[in-house]
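Throughout, read-outs are computed from the coordinates displayed, never taken from laboratory work. Keep in mind the model is a prediction, meaning the values are calculated, not measured. Using ideal geometry, Cβ is built from the backbone for each residue, glycine included, and neighbour counts are taken over all protein chains shown.
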Amino acid sequence: MRRLAAAVLAVLISAGCSGPADDVFGAELYSSSCAHCHGSDLAGGIGPALGPGSNAVALTDEQMVDVIRIGPGAMTAFGDRFTDAQLDSLVEYLRAEQGS
């Protein structure tokens, strides 16, 4: 059981260790880098929900970018993995999904 837990943890950590290609944006970026923790439907999982009705709706776009860059708590910091254009496209995607 411990080996399985260690293997799952290693996969989750490695998923956040490499950045996406420079031509990955919006929904594809979310799917490849965020969905494994926040859910493919933004309903949450390991990480909190980001969809409609979530606390993320109350954040400004700038705050959202900062959270993605810094990675508070146990969240992976993506500031050195995403370009500014990718960060903007990710926030734009989240806002569209939130209905904002």
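Radius of gyration over Kirkwood radius for the stretch 47-86, both on Cα atoms: the Rg/Rh ratio is 0.97.
Electrostatic bookkeeping for ALA27 treats Lys and Arg as +1 and Asp and Glu as -1; over the other residues with beta carbon under 11 Å from its beta carbon, the sum is -3.
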